[in-house]
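The values are calculated or read from the model by the stated rules, or taken from the named source; none is laboratory data. The model shown is predicted, which means the values in this text are computed figures rather than measured ones. Here Cβ is always computed from backbone atoms with ideal geometry, including for glycine, and neighbour counts include all displayed protein chains.
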Amino acid sequence: MTRRQSLGQHFLISQSVARTIATSADITKDDIVLEIGTGKGILLPFLCKDARKVISFEIDKNLHAYSLAKYSTLQNLDLRYGDGFKSSDSFSVFVSNLPYSESRRAMEWLLQKKFSRAIIMIQKEFAEKITSKGKEKRAISVLVNYAVNIEQIIKVNKNNFQPQPKVDSVVLKLVPKKKLSKKLITLVNQLFSYKRKKIQNIYKQFGKEIKSDKRLEDLSGDEIIEIAKQIGKN
C-alpha cells in the first residue's frame, strides 16, 4: 500500500499515541465524531468505543477499501470515500492526523464549523506557526488564537510514524471560543498580504481611510481581527 505522497501523509503506528488522542477527546455516547483522514484506521477502535457515531473520511481509494474490510464489525462507524472538507455533516468532536500540506486548509475549515472540541495532530513546525505571537504572528495564528483555546496534549516523536517523517509532531486540543465566517478569514489573510505597509495604507487598498502609522506587527491579534471586521463592513 503506497502512502499519499502528494499529501505528505505518514501513518501513525503507535497504539499508545492513538489511545491518548481518543482519550483526550473526552468522547461520550452523545458525541458524533468526525475524522478526516482514516489512513489505516488506527484511531477507529478507540473513537468508536465511546461515541454515538464516528464518521471517517478517506480520500485514497485503496486505504478506504482497506478500512472497510478491516473495521466492518464496528457498528457505529460510517466510513466514507472522498474529501471530508467538503462534508456538510454535523459533529461535536473533530479528530484528525493532518498531513502538513493540508494543515492550513483544515484549520481554516474547522474555524468555520460548530463543534465542542477538536484533537488534531500536526507537524511541530505548523504548531509553532499557529501559536506564534508578537512580531512573529501570522494570519493563521491570529485566526486560530481568536477562535479557539489551544492546549498541547503530547509531543509525538517521528519514530511513531511509518514512513518516518523528517520532523516530530504535536497533538493539540482545541476548544472553540468563536465561530468565524469565511469572509473574515479571507480578509485577515488579505491584511497579511500587506504586512509591511502602514495601517493607513492598508485601508486605502480597500477603499477606506484611517490615520495610523502602525503596522500589523505592532497590533494584537484581536486588534487585527477588528480591523478586518471594519474593512468588511459595507
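Figures for the structure shown
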read-out: Out of ILE199, ILE153, ILE140, ILE210, sole residue that is over 28 Å from ASP26 (Cβ atoms), touching a residue at least 24 places away in the same chain (Cβ under 8 Å) and not polar (S, T, N, Q); value: ILE199
read-out: Filter result (farther than 15 Å from LYS178 by Cβ, of a type in the set (S, T, N, Q) and at pLDDT 90 or above) within segment 98-124; value: SER103, GLN123
read-out: Residue count, segment 69-103 (criterion: without any contact (Cβ under 8 Å) to a residue 60 or more places away in the chain, part of a helix (DSSP H, G or I) and surrounded by fewer than 18 Cβ atoms within 10 Å (Cβ to Cβ)); value: 4
read-out: Filter result (charged (D, E, K, R), closer than 21 Å to VAL95 by Cα and free of Cβ contacts under 8 Å to residues at least 60 places away in the same chain) within segment 159-190; value: ASP168, LYS177, LYS178
read-out: Yes/no for TYR194 being aromatic (Phe, Trp, Tyr) and not in a helix (DSSP H, G or I); value: yes
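Condition check ((1) of a type in the set (D, E, K, R); (2) modelled with pLDDT of 95 or more; (3) farther than 30 Å from ILE13 by Cβ; (4) surrounded by fewer than 17 Cβ atoms within 10 Å (Cβ to Cβ)) across all residues:
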site: GLU128; (1), (2), (3), (4): yes, no, no, yes
site: ALA147; (1), (2), (3), (4): no, yes, yes, no
site: LYS173; (1), (2), (3), (4): yes, yes, no, no
site: LEU180; (1), (2), (3), (4): no, yes, yes, no
site: LEU184; (1), (2), (3), (4): no, yes, yes, no
site: GLN190; (1), (2), (3), (4): no, yes, yes, yes
site: LYS208; (1), (2), (3), (4): yes, no, yes, yes
site: ALA228; (1), (2), (3), (4): no, yes, yes, no
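Residue-wise test of (1) modelled with pLDDT of 95 or more; (2) of a type in the set (A, V, I, L, M); (3) not assigned by TED's automatic domain parsing to the domain that holds SER101.
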residue: SER132; (1), (2), (3): no, no, no
residue: ASN157; (1), (2), (3): yes, no, no
residue: PRO176; (1), (2), (3): yes, no, no
residue: LYS204; (1), (2), (3): no, no, yes
